[in-house]
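Accompanying notes for the structure given below.
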Amino acid sequence: MTGCGRFFEGTAEEMHLALNKHLASLPDDTVVFPGHEYTRGNAKFAISVSQSEPVQQLLSFSDANPVTVGKYTIGHEKVAQKPHGFI
C-alpha cells in the first residue's frame with residue numbers, strides 16, 4: 001500500500017498516531033484490505049524518495065498488474081515504510 005491517501009476527518013497528528021502507533025503495534029501477520037486503490041501512485045512517489053528493494057518490488061508489481069487491490073500485512077507495510085522513517 002505504501003500510504004494512506006487523503007483523510008477527510010481528523011488531524012494529521014491523529015492519522016500519524018493511528019498508523020504509526022496503533023496499527024504498527026499489531027502483529028506483522030495482521031491482514032489489511034485497502035478500501036481504495038492508491039498503490040501505483042504511492043509506489044511512484046515512494047521510489048522518488050527511496051530506491052530500496054521493497055519499494056522497487058512494489059513498483060514493479062504495480063506496473064505489472066493493472067489491478068493491485070488485494071491483501072497486505074502489517075509486516076509488508078513495516079518493510080515498505082521503514083526506509084522513509086515511518087512505522
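Readers should treat all values here as calculations from the given coordinates under stated rules, not as data from a laboratory. The shown structure was predicted, so the numbers you read here are calculated from the model rather than taken from an experiment. Using ideal geometry, Cβ is built from the backbone for each residue, glycine included, and neighbour counts are taken over all protein chains shown.
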May I ask you to evaluate 6.51 cos²θ - 1.76 cosθ + 1.60, the Karplus curve with θ = phi - 60°, for each residue of the range 42-59 and list the ³J(HN,Hα) values in order in whole Hz, giving x for glycine and proline? 5, 5, 5, 5, 4, 5, 6, 9, 8, 9, 4, 4, x, 5, 4, 5, 5, 5
Determine the shape class of the range 12-84: with a ≥ b ≥ c the square roots of the Cα gyration tensor eigenvalues, call it rounded for a/c under 1.5, and otherwise prolate if a/b is greater than b/c, oblate otherwise. prolate
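Of the peptides 18-26, 52-60, how do they stack up when ordered by the mean number of other Cβ atoms within 10 Å, highest first? Spell out each step's value before the answer.
On the way: 18-26: 13.2, 52-60: 16.7.
Result, highest mean first: 52-60, 18-26.
For the range 12-84, what is the charge dipole size about the Cα centre, in debye to the nearest 20, if Lys and Arg each add +1 at the Cβ and Asp and Glu each add -1 at the Cβ?
On the way: 6 positive and 8 negative charges, 18 e Å.
Dipole about the Cα centre, nearest 20: 80 debye.
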Could you pull out every residue, at least 5 positions away or on a different chain, whose amide H is within less than 5 Å of the one on THR73? Hs are placed 1.01 Å off N in the peptide plane, and Pro or chain starts have none. VAL32
Just flag the GluC sites (Glu not before Pro) in the range 1-60 sitting in loop per DSSP whose Cβ has no more than 11 other Cβ atoms within 10 Å. GLU9
